[in-house]
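The values are calculated or read from the model by the stated rules, or taken from the named source; none is laboratory data. Everything numeric here is computed off the predicted structure, so don't read it as measured data. Don't worry about glycine lacking a Cβ; one is built from the backbone with ideal geometry, like all the others, and counts go over all protein chains shown.
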């Protein structure tokens, strides 16, 4: 069951209380793809510059990720740098250089057209909508967005929301999108905009899923109550940069690996998302996600079950 993810493949400079790195592989599609690759096949569409080396690409291909959709063009790759010295839950952006990503126009290889699952990572909603329109036969499509698109490109974003089975955003973005500081009311407003389900990420406090009657049309009404999955308490967080995208990869990767889309698989997917997010923050960049095996993932999933008494 192949997932197609469209988003940024980039380099990051990161400073946290644990140290500083000048340039590591990052980007939403990179974190998502590595995380999801432990559950199912993943294909990536993105754009990189001449500074993206064969070894950088090998980080993905060693995990079996199909990189034929990554376009190599003249120029430099997207670069972002940020500091978490003030607050580990919020990055202070120091520099954003879009470079080749500024003119990114996703091109879907013919070999990707049979992808059964689609994840639209945080990019211009015009591009998200274009990719969604070109993939009408996918079984499930989820997406992400951010404050900039919510504030300045809302009309285009709302067109994307109508075509999503699931929207994954953090609690600040959810309240901004709904213009309501109460998360329960905000979730109701967001679901009315079109997505069939909403997953709100709370960082170190876990994630909450909200459902509409369109999420599971054949299920009784009690499954539509909000569902909260915890985060695993960690003694040390080295780098939180890719936690949300890693959560999305674990969540969607697990869903794509299951024969049916049910309330039970959705809830377990929330826990696997938390598992992958917890691994991602243990080292800088994508390093920890490169070193995992499924045994470690299942052991940590068992910890989540014990923590929450999940049956």
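Among the residues of region 225-270, those that are in contact with a strand residue (DSSP E or B) (Cβ under 8 Å, 6 or more places away or on another chain), at pLDDT below 95 and closer than 17 Å to residue 298 by Cβ comprise 229, 267.
State all residues of region 151-166 that are over 20 Å from residue 258 (Cβ atoms) and touching a strand residue (DSSP E or B) at 6+ places or on another chain (Cβ under 9 Å); if no residue qualifies, say none.
Of region 151-166, the ones over 20 Å from residue 258 (Cβ atoms) are 151-163.
Across region 151-166, the qualifying residues are 160, 161, 163.
The criterion of being out of contact with any helix residue (DSSP H, G or I) (no Cβ under 7 Å at 6 or more places or on another chain), under 17 Å from residue 24 (Cβ atoms) and in contact (Cβ under 8 Å) with a residue 12 or more places away in the chain does not hold for residue 74. Using the structure shown, decide if residue 82 is surrounded by fewer than 15 Cβ atoms within 10 Å (Cβ to Cβ) and touching a strand residue (DSSP E or B) at 6+ places or on another chain (Cβ under 8 Å). The answer is no for residue 82.
Check region 194-213 and report whether any residue there is more than 21 Å from residue 249 (Cα to Cα), in a helix (DSSP H, G or I), at pLDDT 95 or above and over 15 Å from the mean Cα position of the chain (by Cα). I'd like the intermediate steps shown before the answer.
First, pick out the residues of region 194-213 that are more than 21 Å from residue 249 (Cα to Cα): 194, 212-213.
Now narrow it down to the ones that are in a helix (DSSP H, G or I): none.
No, region 194-213 has no match at all.
Residues in region 29-75 that are in a helix (DSSP H, G or I) and out of contact with any strand residue (DSSP E or B) (no Cβ under 8 Å at 6 or more places or on another chain): 31, 34, 35, 54, 55, 58.
Filter region 115-136 for residues that are more than 20 Å from residue 250 (Cα to Cα) and either modelled with pLDDT under 95 or not in a helix (DSSP H, G or I) (or both) and give the result. Quick ask: steps written out before the conclusion?
At the first step, the residues of region 115-136 found to be more than 20 Å from residue 250 (Cα to Cα) are 124-136.
124, 135, 136, listed by residue number.
Every residue, every condition in (1) touching a residue at least 60 places away in the same chain (Cβ under 8 Å); (2) within 28 Å of residue 82 (Cα to Cα); (3) out of contact with any helix residue (DSSP H, G or I) (no Cβ under 9 Å at 6 or more places or on another chain), yes or no:
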residue: 258; (1), (2), (3): no, no, no
residue: 267; (1), (2), (3): no, no, yes
residue: 273; (1), (2), (3): yes, yes, no
residue: 280; (1), (2), (3): yes, yes, no
residue: 294; (1), (2), (3): yes, no, yes
residue: 308; (1), (2), (3): yes, no, no
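This table checks each residue for (1) in a helix (DSSP H, G or I); (2) more than 19 Å from the chain's Cα centre (by Cα); (3) more than 18 Å from residue 212 (Cβ to Cβ).
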position: 138; (1), (2), (3): no, no, yes
position: 141; (1), (2), (3): no, no, no
position: 148; (1), (2), (3): yes, no, yes
position: 155; (1), (2), (3): yes, yes, yes
position: 163; (1), (2), (3): no, no, no
position: 173; (1), (2), (3): yes, no, yes
position: 177; (1), (2), (3): yes, no, no
position: 181; (1), (2), (3): no, yes, yes
position: 189; (1), (2), (3): yes, yes, no
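Does residue 21 meet the test of being part of a strand (DSSP E or B) and touching a helix residue (DSSP H, G or I) at 6+ places or on another chain (Cβ under 6 Å)? No; evaluated as a whole, the condition is false for this residue.
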